[in-house]
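Notes to accompany the following structure.
Values in this text are rule-based calculations from the coordinates and carry no lab data. In this text, all values refer to a predicted model and were calculated from it rather than measured experimentally. Backbone-built Cβ (ideal geometry, glycine too); neighbour counts: all protein chains shown.
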Amino acid sequence: MTITCTRKIIFDAGHRIVSHENSCKFLHGHRYIIEATFQAKQIDSVGRVIDFGVIKEKLGSWVMQNLDHTLILWDQDAELANSVQNITGQKIYLLKTNPTAENIAAHLLNDICPMLFDKTQVWCVKIKLHESENNYAEVVQSV
């Protein structure tokens, strides 16, 4: 039997998809919803995988500091990032990949969660990132 728990984290951010064939190539924004799912080898003495508040404290705080009301851009878009930041003071978050929902979700699962939860007995096994009420990407940890 596998037991998991999931916490939602909501944030607003802008991005653009480099080389997109339609209007997503332009700067635009989303109200993103992260569903972060965690698993542990065994539940704790209280009967939990992890306290939902710990997920909010660790991952939620990181998201609010780094992604909320940020322009998420591919690091190859550095010229745009510098221009926007110099003109508007906009907070920028640079990804090493094109900032699709799939790539943002993979970054959270593979890079951010392991860093935030490395001293715990739990691990993030899935990130579902909703870009809108109709669209989401899901990245699942290989076991």
The extension gain from Gln76 to Thr88, computed as 0.36 nm times the residue separation minus the Cα-Cα distance, is 2.3 nm
Could you go through the range 36-52 in sequence order and give the Karplus-derived ³J(HN,Hα) for each residue, using 6.51 cos²θ - 1.76 cosθ + 1.60 with θ = phi - 60°, rounded to whole Hz, and x for Gly and Pro? 9, 10, 10, 9, 9, 5, 8, 6, 7, 5, 7, x, 10, 6, 7, 5, 4
antiparallel share of DSSP beta bridges within the range 26-143, to nearest 5, in %, is 75
Rounded tilt (10° steps) of 78-88 against the dominant C-alpha axis of the chain: 80
So what is the relative contact order of the range 54-103, in percent, for Cα pairs below 8 Å that sit 6 or more residues apart? 39
Pair Trp62, Ser132: separation of 7 Å Cα→Cβ label points (nm): 2.9
Here the range 99-112 yields Karplus 3J(HN,Hα) values (6.51, -1.76, 1.60; θ = phi - 60°; whole Hz; Gly and Pro given as x) of x, 6, 4, 4, 6, 5, 4, 5, 4, 4, 5, 8, 10, 7
For the range 76-143, which trypsin sites (Lys or Arg not before Pro) are in a loop by DSSP, counting at most 13 other Cβ atoms within 10 Å? Lys96, Lys119
Relative contact order of the chain, defined on C-alpha pairs under 8 angstrom at six or more residues apart (%): 27
Full-extension gain between Glu21 and Ile43, please, as 0.36 nm times their residue separation minus the C-alpha to C-alpha distance. 3.3 nm
Give a quick list of GluC sites (Glu not before Pro) in the range 57-142 that DSSP marks as loop, anything other than H, G, I, E or B, with at most 10 other Cβ atoms within 10 Å. Glu133
Run the reach check for Lys58 against aspartates and glutamates, Cα to Cα strictly under 16 Å, same-chain hits fewer than 8 apart removed. What comes back? Glu35, Asp68, Asp111, Asp118
Order 64-74, 36-46, 80-90 from most to least packed using the mean count of other Cβ atoms within 10 Å. 64-74, 36-46, 80-90
Taking 8 Å as the Cα distance limit and 6 or more residues as the minimum spacing, I'd like the relative contact order of the range 83-142 as a percentage. 30
For the chain, what does the helix formula give at 222 nm: sum of -39500 (n - 2.57) over DSSP H segments with n ≥ 4, over the residue count, nearest 500 deg cm²/dmol? -5500 deg cm²/dmol
Set of lysines near Lys56 by C-alpha distance (under 24 Å), chain-local residues within fewer than 8 positions excluded: Lys8, Lys41, Lys91, Lys119, Lys126, Lys128
Got a sec? Which residues in the range 31-58 would a label at Ile3 touch, if it sits 7 Å along Cα→Cβ and we count backbone N under 14 Å? 38-52
Isolated Cys residues of the chain, judged by Cβ distance under 4.7 Å to other cysteines: Cys5, Cys24
Cα centroids of the range 2-58 and the range 122-143: how far apart, whole angstrom? 7
